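Peer 1: Would you mind keeping the following structure in view while I ask a few things?
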Amino acid sequence: MDVSEEGYFYHENISFNFSYEDYPSLCEKADIRSFAALFLPIMYSVCLVVGVAGNALVVAVYAYHKRLKTMADAFLTHLAVADLLLLFTLPFWAADAARGWELGAVACKIISACYTVNFTCCMLLLACISLDRYIALAKAQGRDQRGLLQRVVNRRHCWKVCLVVWVTAFMLGLPDLIFSEVKWASNRNICLAIYPPSMTVGGKAVLEIIEVLLGFLLPLLVMGICYWTMGRVLKDLPIESRGKKWKALRVLLIVVGVFVVTQLPYNVLKVYRTMDKVYVLVTHCGTSKALDQAAQVTESLALTHCCLNPILYAFMGSSFRQHMMKVAKKFGEKRRRRRREHPAEEEGIEMSFNSASQETNTFSI
């Protein structure tokens, strides 16, 4: 987790980000710790409640059907699982921000690695979903299906693509698993990655740049190319399809816009802080504190994407809505059957899914 790499205290009293001219003593960041102790638990709690509700519904609907019929179903299921695993780490970081790390070194390693793995996995899966939509549009247009992309990203090799995504994310999480430790600083324990002297600056900078490349720039590039191509195709649709055309274009713009708004500030700041570690760009305590506070806010903003994924990718899709309708229909049928078999148990309880009679087999949401 980025905010834990140097603790929620961001260099704290052990920082060398001070100005010899204007700040002769070491940079004290008690106010940054106080802000984090209030802001981060609130933001993480909101993300946890909203994100778990949406992603758990996605997993439940697809698990109920047992067989995932399309690549989109598989990618959405893996995305929801990654979102949930990422969200489940937030209570630990909220407690860390408020009171310090109290769970020991093993939990520090596992939770730090789990955060990085699932955050990266979410971003890579968004790129896979973009490719799937692009390929689906190409098939609808009757384009050549013998291209390399069509041969690799298809239902037959879908599990291999997902495996590559998870393995790549796990590799990026290995440094956190290996180097994360619990250290005592400013009267509390902090969980952070402590690299050996041989790679303290250069090695850590390289790892963070790789995270930005795979976790932001690559998905953004794939999404940009795929959705730009899809947008050009949609614009060329006949005039009678104008309504559907603009609706689809709005969806594409919203998906890309939300990704850029939530992820760009966090990754730009991450690159700048990485360059600061290498070239010591920040020499004033006030600037360092402002960057630390910005890091807390932008990372929280980036995490909100986990809450928006079910809305942007699952609930908007007709396939998922059909699956959800089938689940709701079966639930309604079981409810009516139980009422007929045990009328006494259901007496006084009024719960109807539609205005039709109990003999009907369908209902609408």
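Peer 1: Picking from L253, L221, which residue would you name as being at pLDDT 90 or above, exposed (fewer than 15 other Cβ atoms within 10 Å of the Cβ) and in a helix (DSSP H, G or I)?
Peer 2: Numbers: L253 fails: at pLDDT 90 or above.
Going through L253, L221 in turn, just one is at pLDDT 90 or above, exposed (fewer than 15 other Cβ atoms within 10 Å of the Cβ) and in a helix (DSSP H, G or I): L221.
Peer 1: While we're here: Could you grab me the full set of residues in the range 194-211 that are aliphatic (A, V, I, L, M), more than 20 Å from V280 (Cβ to Cβ) and surrounded by 15 or more Cβ atoms within 10 Å (Cβ to Cβ)? Steps first, answer last, please.
Peer 2: Taking the range 194-211 first, the residues aliphatic (A, V, I, L, M) are 194, 199, 201, 205-207, 209-210.
With more than 20 Å from V280 (Cβ to Cβ) added as a condition, the list becomes 210.
Passing the criteria: none in range.
Peer 1: For the subset of the range 229-240 comprising residues that are assigned to a helix (DSSP H, G or I) and surrounded by 13 or more Cβ atoms within 10 Å (Cβ to Cβ), which member is modelled with the lowest pLDDT?
Peer 2: Residues of the range 229-240 that are assigned to a helix (DSSP H, G or I), as a first pass: 229-235, 239-240.
Filter again for surrounded by 13 or more Cβ atoms within 10 Å (Cβ to Cβ), leaving 229-231, 233-234.
Values: T229: 88, M230: 87, G231: 85, V233: 83, L234: 79.
The qualifying residue modelled with the lowest pLDDT is L234.
Peer 1: Sort out for me the helices (runs of 4 or more DSSP H) sitting completely within the range 87-191 that have 1 or more residues that are buried (at least 18 other Cβ atoms within 10 Å of the Cβ).
Peer 2: Numbers: elements: 90-99, 104-140, 148-152, 158-179.
The qualifying helices (runs of 4 or more DSSP H) are 90-99, 104-140, 158-179.
Peer 1: Limited to the range 55-84, what total is found for residues that are more than 18 Å from W159 (Cα to Cα), surrounded by 20 or more Cβ atoms within 10 Å (Cβ to Cβ) and not charged (D, E, K, R)? Quick ask: steps written out before the conclusion?
Peer 2: Step one: list which residues in the range 55-84 are more than 18 Å from W159 (Cα to Cα), which gives 55-58, 60-61, 64, 83-84.
From what's left, surrounded by 20 or more Cβ atoms within 10 Å (Cβ to Cβ): 55, 58, 61, 83.
Narrowing further to those that are not charged (D, E, K, R): 55, 58, 61.
Summing the residues that are more than 18 Å from W159 (Cα to Cα), surrounded by 20 or more Cβ atoms within 10 Å (Cβ to Cβ) and not charged (D, E, K, R) in the range 55-84 gives 3.
Peer 1: Specify which of the listed residues (T287, T298) is β-branched (V, I, T) and buried (at least 19 other Cβ atoms within 10 Å of the Cβ).
Peer 2: Numbers: T287 fails: buried (at least 19 other Cβ atoms within 10 Å of the Cβ).
Step by step, each of T287, T298 is checked, and only T298 is β-branched (V, I, T) and buried (at least 19 other Cβ atoms within 10 Å of the Cβ).
Peer 1: I'm checking my understanding of the structure. Among residues of the range 311-365 that are among the aromatic types (F, W, Y) and at pLDDT 70 or above, which one is surrounded by the fewest Cβ atoms within 10 Å (Cβ to Cβ)?
Peer 2: The residue in question is F331.
Peer 1: Any idea which of V212, V256, V260, V206 is without any contact (Cβ under 8 Å) to a residue 40 or more places away in the chain, within 17 Å of the chain's Cα centre (by Cα) and under 28 Å from M171 (Cβ atoms)?
Peer 2: Numbers: V212 fails: without any contact (Cβ under 8 Å) to a residue 40 or more places away in the chain; V260 fails: without any contact (Cβ under 8 Å) to a residue 40 or more places away in the chain; V206 fails: within 17 Å of the chain's Cα centre (by Cα).
Every option except V256 fails the conditions.
Peer 1: Tally the residues that are of a type in the set (S, T, Y), assigned to a helix (DSSP H, G or I) and surrounded by fewer than 17 Cβ atoms within 10 Å (Cβ to Cβ), restricting the search to the range 269-284. Break it down into steps so the answer makes sense when it comes.
Peer 2: In the first step, residues of the range 269-284 are kept if they are of a type in the set (S, T, Y); the result is 272, 274, 279, 283.
Narrowing further to those that are assigned to a helix (DSSP H, G or I): 272, 274, 279.
Filter again for surrounded by fewer than 17 Cβ atoms within 10 Å (Cβ to Cβ), leaving 272, 279.
Of the residues in the range 269-284, 2 are of a type in the set (S, T, Y), assigned to a helix (DSSP H, G or I) and surrounded by fewer than 17 Cβ atoms within 10 Å (Cβ to Cβ).
Peer 1: Within the range 110-133, which residues are of a type outside the set (A, V, I, L, M) and within 21 Å of V212 (Cα to Cα)? So that I can check it myself, show each step before the final result.
Peer 2: The initial filter retains those residues of the range 110-133 that are of a type outside the set (A, V, I, L, M), namely 112, 114-116, 118-122, 128, 130, 132-133.
Result: S112, C114, Y115, T116, N118, F119, T120, C121, C122, C128, S130.
The values are calculated or read from the model by the stated rules, or taken from the named source; none is laboratory data. Remember, it's a predicted structure, so these values are computed and weren't measured experimentally. Glycine also receives a Cβ, built like all others from the backbone with ideal geometry; neighbour counts cover every protein chain displayed.
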